[in-house]
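One structure below.
The values are calculated or read from the model by the stated rules, or taken from the named source; none is laboratory data. A quick note: this is a predicted structure, and the numbers were derived from the prediction, not measured. With ideal geometry, Cβ positions are generated from the backbone for all residues, glycine too; neighbour counts draw on all protein chains shown.
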Amino acid sequence: MSDTTTGDVATEAQEEAPEVDEVRQGWLGTLTEALGDAVVGSHVAPGRGLWVRVSRDSWFDAAEAAKDLLGCTLFDFLSAIDWMPSPWGRYEDSSVDVGIKPFDPSASFATGVAGGDTRFQVFCHLANVRGRDGQRADVIFKADLPDDDLRVRSLVPLFGGANWHERECWEMFGITFDGHPGLRHLYLPGEFEGYPLRKDFPLLARLVKPWPGIVDVEPMPGEPAAAEDAEGGANGDGEQS
Amino acid sequence: MTVTERQQRAYVDAQAADARVNVELETDEGMTLNIGPQHPATHGTLRVVAKLDGEQVVWADVVAGYMHRGYEKLAEVRTFPQVTTLVNRIDWLGSFANEVPFILAAEQLMEIEAPARARHIRTILFEMARVANITLFLGDLGAQLGAVTPVFYAFRDREHVLDQIEAVTGGRFHPNFDRIGGLKDDLPKGWIADTKAVMERIRSFCDQVEELLFGNEIFEARTRGVGVVPAEVALSYGLTGASIRGSGVDWDLRRDGGVIGLAHGDVDWKVWTHPDGDCFARCWVRLQETREATKIVDQLCDGLPGGPIMAKVPRIIKVPEGEAYVETENPLGAMGYYVVSRGDLGPFRVKIRSASFSNVSILPWLLRGVYVPDIITILASLYFILGDIDR
């Protein structure tokens, strides 16, 4: 971004966030007590969020515990993450793949907060709506899914709203939800092959036509072609027009 | 570049299959009624399939996906500043509001906070997006129920709001104005006075609509007691925004969400709820919300702090590794972005939680047992934008 960054507004003006977020630790304590060993990882970002990673078998129980014990009756969303780095790179710097980190199929995947051992994780966000007077609580659950058995228990009996989210997750990632009343395609046509949000599914529109953003950095007439400045090219589009 | 033949074939097949319809209609006794995809009540291309017994719906399903654009996939091949261009197009009537939660999530990961002036202007534009969006809803609501006049009033007065948004951002519909660490530009000269005049105009539009519609006997007859959503059902379906406040749940992320980076906490306003949970309640709450939004804009314009509009951000934006989920109260309801960054120029994964998706997912439950004309009332009162369902 080429915006003039005027003034010296200190970005670190806000005081150090307290290292311990007692409220969220409290929620975590409640959930750990209820679920026992099923909690395999957790992460508290003070003032921002609580992540709880549970074993796949207790995915449903975890959501139920949050609903009953923390009052998280609002089903916010459910989705999945594919932690494999994209073998197609990020497309944007060149007509051929130039990933920031070249793809190495044998490398282990880095996973995000609260850890993870598998390529696929499902996650969902539940919140309570006690509003001004009560104590707000919200929690993000994650669960690892082994590659050879991408299935997890459906949350539809607990939250009606999980229906569409699980259908979307099923067609985008190929994750089966046991007990779902009807896993049908939501967005994609019925004959669609493949799981588009998996990292190994190529974005074909980008492969057949190079990213138009790179046209912006072609050299001025009479000027020798400048060295490919990957980052400058990538940055070019955000500003203009 | 090696694309396996199978994948290419799958792509071609998918393109061909796009042309076909993707739901199998069961055919037994009773009549199947298709509403949409090209129906004015669908704000885009949503199809509602209803199986009827006489005039009553016995089963209904929603077919979405006619406008699925795959923003979650596209965001993975964009840089962070480029993503706002995409997400602008999710809820196209309140575009600026779409950018805000994404930018806030990126700011959270980078541990940047926008300066006070940027936060205020951001909130002003955020609320103006809401005014522009809901103004159209109020007018369109009349059109759905057979009253033609309000829609002209709505388009007339919304235009002034869009003019003000255009004066700042250069775009009527797709501002693409929010930046990580602040805003692209400051307000133009004379803008504040004009805006306050426009807000006055919107308030008088609200009065007009209230008189024309909400006091109207036919309107009441068609909306009162129709499409009742109890609070616990609304919550389990993840309804948010006016749809949940119309069910009596006092929940507004502007007040309760603890969102850092917006200035709603600095002004005085009220969260309206209605206990009934029917179509009337949802529409009424939206009317009050429009009024509150104009008040928020007025107060923020009065108390606009000076100073810079951008925090210090690097020219090349690389977002540190981490995950953040930020949700704000958008015109249609709660909208959030779950952003996973791997320390790259672009996000590793973006999960877009859009309000209409959850709000509309209740339709199969809600439409069961209603009469045919009420389908349109219910669709109108839930108020969705198709881009916000399909993303």
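Assess whether B:Arg254 counts as being closer than 24 Å to A:Phe75 by Cβ and within 14 Å of chain A (Cβ to nearest Cβ). Yes, satisfied. A:Ala205 meets the conditions (1) modelled with pLDDT under 85; (2) over 21 Å from B:Glu72 (Cβ atoms); (3) among the hydrophobic types (A, V, I, L, M, F, W, C); (4) surrounded by fewer than 21 Cβ atoms within 10 Å (Cβ to Cβ) in every case but one. The failed one is (2).
This table checks each residue for (1) more than 13 Å from every other protein chain (Cβ to nearest Cβ); (2) at pLDDT below 75.
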residue	(1), (2)
A:Leu126	no, no
A:Asp147	yes, no
A:Ile175	yes, no
A:Glu191	no, no
A:Gly194	no, no
A:Asp216	no, yes
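Among the residues making up segment B:92-147, a single one is of a type in the set (Ser, Thr, Tyr) and either out of contact with any helix residue (DSSP H, G or I) (no Cβ under 7 Å at 6 or more places or on another chain) or at pLDDT below 90 (or both): B:Ser95.
Conditions (1) free of Cβ contacts under 8 Å to residues at least 12 places away in the same chain; (2) surrounded by fewer than 23 Cβ atoms within 10 Å (Cβ to Cβ); (3) under 21 Å from B:Gly387 (Cα atoms), marked per residue:
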position	(1), (2), (3)
B:Ile121	no, no, no
B:Leu125	no, no, yes
B:Met128	no, no, yes
B:Ile134	no, no, yes
B:Gly139	no, no, yes
B:Thr149	no, yes, no
B:Asp186	no, yes, no
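Within segment B:286-319, track down each residue that is of a type in the set (Lys, Arg) and under 17 Å from B:Leu138 (Cβ atoms). If the condition is that a residue be of a type in the set (Lys, Arg) and under 17 Å from B:Leu138 (Cβ atoms), then B:Arg286, B:Arg291, B:Lys295 are the ones that fit.
Taking the criterion of being closer than 15 Å to B:Arg119 by Cα, touching a residue at least 24 places away in the same chain (Cβ under 8 Å) and not basic (Lys, Arg), the residues of segment B:299-325 that qualify are B:Gln299, B:Leu300, B:Cys301, B:Gly303, B:Leu304, B:Pro305, B:Gly306, B:Gly307, B:Pro308, B:Ile309, B:Met310, B:Ala311. Of all residues in segment B:145-158, those satisfying the criterion of being assigned to a helix (DSSP H, G or I) and touching a Ser or Thr at 6+ places or on another chain (Cβ under 7 Å) are B:Ala154, B:Asp157, B:Arg158. Checking every residue in segment B:365-381 against the condition of being under 26 Å from B:Val161 (Cβ atoms), among the aromatic types (Phe, Trp, Tyr), touching a residue at least 12 places away in the same chain (Cβ under 8 Å) and not in a loop (DSSP other than H, G, I, E, B) gives zero matches. The single residue among B:Val161, B:Val168 that is crowded, with 18+ Cβ neighbours inside 10 Å, part of a helix (DSSP H, G or I) and touching a strand residue (DSSP E or B) at 6+ places or on another chain (Cβ under 9 Å) turns out to be B:Val168.
Of the residues making up segment B:199-210, those that are surrounded by 17 or more Cβ atoms within 10 Å (Cβ to Cβ) and in contact with a Leu (Cβ under 7 Å, 6 or more places away or on another chain) number 2.
When restricted to residues that are closer than 20 Å to A:Trp164 by Cβ and without any contact (Cβ under 8 Å) to a residue 40 or more places away in the chain, segment B:36-67 contains 5.
Among the candidates B:Lys351, B:Lys318, B:Lys312, the residue that is of a type outside the set (Gly, Ala, Ser), within 28 Å of B:Pro81 (Cβ to Cβ) and at pLDDT 90 or above is uniquely B:Lys351. Within segment B:211-238, the set of residues being crowded, with 16+ Cβ neighbours inside 10 Å, in a helix (DSSP H, G or I) and away from chain A (no Cβ under 14 Å) comprises B:Leu212, B:Leu213, B:Phe214, B:Phe219, B:Arg222, B:Thr223. Selection of segment B:297-334 for residues being away from chain A (no Cβ under 12 Å) and either in contact with a Ser or Thr (Cβ under 7 Å, 6 or more places away or on another chain) or at positive phi (or both) yields B:Val297, B:Leu300, B:Cys301, B:Val319, B:Pro320, B:Leu332. Within the set B:Val87, B:Val100, B:Val58, B:Val83, the sole residue that is among the hydrophobic types (A, V, I, L, M, F, W, C), more than 24 Å from B:Tyr338 (Cβ to Cβ) and touching a strand residue (DSSP E or B) at 6+ places or on another chain (Cβ under 9 Å) turns out to be B:Val58. So which residues in segment B:288-316 are in contact with a Phe, Trp or Tyr (Cβ under 7 Å, 6 or more places away or on another chain) and aliphatic (A, V, I, L, M), if there are any at all? Correct list: B:Ile296 only. Which of (1) surrounded by fewer than 23 Cβ atoms within 10 Å (Cβ to Cβ); (2) more than 11 Å from every other protein chain (Cβ to nearest Cβ); (3) under 25 Å from the mean Cα position of the chain (by Cα) does B:Val370 not meet, given it meets every other one? For B:Val370, the failing item is (3). Of the residues making up segment B:68-92, just one is more than 8 Å from chain A (Cβ to nearest Cβ) and without any contact (Cβ under 8 Å) to a residue 60 or more places away in the chain, namely B:Leu86.
Just a yes or no: is a residue in segment A:104-120 charged (D, E, K, R), touching an Asp or Glu at 6+ places or on another chain (Cβ under 7 Å) and either at pLDDT 80 or above or on the phi > 0 side of the Ramachandran plot (or both)? There is at least one residue in segment A:104-120 that is charged (D, E, K, R), touching an Asp or Glu at 6+ places or on another chain (Cβ under 7 Å) and either at pLDDT 80 or above or on the phi > 0 side of the Ramachandran plot (or both).
The sole residue among A:Arg90, A:Arg24, A:Arg53 that is crowded, with 19+ Cβ neighbours inside 10 Å and at pLDDT below 65 is A:Arg90.
The strands (runs of 3 or more DSSP E) located wholly in segment B:258-357 that include 2 or more residues which are acidic (Asp, Glu) and crowded, with 18+ Cβ neighbours inside 10 Å occupy B:322-330.
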